[in-house]
Amino acid sequence: MTWTDQPAAACFEVFRSPDAGFSPGTGTYVATVSTNRYYDPTVKRGLTRTYHYSVRAAQAGNKSRFPAPVAAVAGLPADTTAPAPPMLAGQALHATKVTLSWLPVSDNQAVKGYKVYRDGVQIADVAAAFNSWMDNAIKPNTAYRYTVKAYDVAGNLSPESPPAMLKTQ
């Protein structure tokens with residue numbers, strides 16, 4: 001969800017409730033964010049419940065009034081843009097170990113993680129805070145094809161990275 005930006009605000013406090021008449025403080029505090037948008041990962045595709053949100057701006061201990069809650073229907077994520085594909089590099093370190101690394105990628109909302117593939121099969125799901133993976137479940141003197149895909153908080157999956165072709169010792 002997005003709202004009108006307030007340039008003087010240092011952050012925004014987001015509250016949610018299934019009750020249309022809730023007042024913040026009786027609703028659930030869900031986040032403090034520094035931008036004028038928030039994706040609620042609790043609200044997933046396929047749910048039939050309607051949630052109501054209220055957001056207030058905060059700056060140096062001063063907080064704005066809460067506006068009336070606004071309804072948002074669950075299961076209709078606005079984010080349909082996938083992250084950019086990662087740029088992958090790899091190195092065969094040992095007969096049974098390969099290390100992979102990639103630069104963090106960008107997304108219009110937030111990258112949640114990376115899926116690592118060996119020969120087309122997913123072998124790892126790595127949190128966005130990390131940009132490397134060591135594969136130690138491989139055989140000596142064998143060639144492998146690795147790729148990585150980034151995914152965002154809405155579940156959008158990037159195109160795969162250019163492959164890293166590696167052969168163990």
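The values are calculated or read from the model by the stated rules, or taken from the named source; none is laboratory data. Not measured: the values here are computed from a predicted model. All Cβ positions, glycine included, derive from the backbone under ideal geometry; neighbour counts span all protein chains shown.
In table form, for the structure just shown:
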| item | result |
| --- | --- |
| Residue that is surrounded by the fewest Cβ atoms within 10 Å (Cβ to Cβ) [pool: residues in region 152-167 that are on the phi < 0 side of the Ramachandran plot and modelled with pLDDT under 95] | VAL153 |
| Residues of region 83-101 satisfying the condition of being closer than 14 Å to SER158 by Cα and either part of a strand (DSSP E or B) or free of Cβ contacts under 8 Å to residues at least 12 places away in the same chain (or both) | LEU88 |
| Breaking point among (1) touching a strand residue (DSSP E or B) at 6+ places or on another chain (Cβ under 7 Å); (2) among the small types (Gly, Ala, Ser); (3) over 29 Å from THR80 (Cβ atoms), for ALA137 | (1) |
| Checklist (1) closer than 22 Å to TYR39 by Cβ; (2) buried (at least 19 other Cβ atoms within 10 Å of the Cβ); (3) β-branched (Val, Ile, Thr) applied to THR80, failing item | (2) |
| Options ARG65, ARG56; residue that is outside any strand (DSSP E or B), of a type in the set (D, E, K, R), in the same structural domain as THR28 (by TED's automatic domain parsing) and within 30 Å of PHE15 (Cβ to Cβ) | ARG65 |
| Residue under evaluation TYR117, criteria (1) without any contact (Cβ under 8 Å) to a residue 60 or more places away in the chain; (2) hydroxyl-bearing (Ser, Thr, Tyr); (3) within 29 Å of ARG37 (Cα to Cα), criterion not met | (3) |
| Residue satisfying condition, being surrounded by 19 or more Cβ atoms within 10 Å (Cβ to Cβ), in contact (Cβ under 8 Å) with a residue 12 or more places away in the chain and not in a strand (DSSP E or B), within set VAL105, VAL148 | VAL105 |
| Leading residue by the ranking (nearest to VAL98 (Cα to Cα)) among those in region 110-132 that are touching a Gly at 6+ places or on another chain (Cβ under 9 Å) and buried (at least 17 other Cβ atoms within 10 Å of the Cβ) | VAL126 |
| Residues of region 146-160 that turn out to be more than 13 Å from ALA84 (Cα to Cα) and hydroxyl-bearing (Ser, Thr, Tyr), as a count | 2 |
| Residues located in region 40-53, provided they are in a loop (DSSP other than H, G, I, E, B) and either of a type in the set (Val, Ile, Thr) or at pLDDT below 80 (or both) | PRO41, THR42, VAL43, LYS44, ARG45, GLY46, LEU47, THR48, ARG49 |
| Count of region 120-138 residues which are assigned to a strand (DSSP E or B), free of Cβ contacts under 8 Å to residues at least 12 places away in the same chain and among the hydrophobic types (A, V, I, L, M, F, W, C) | 2 |
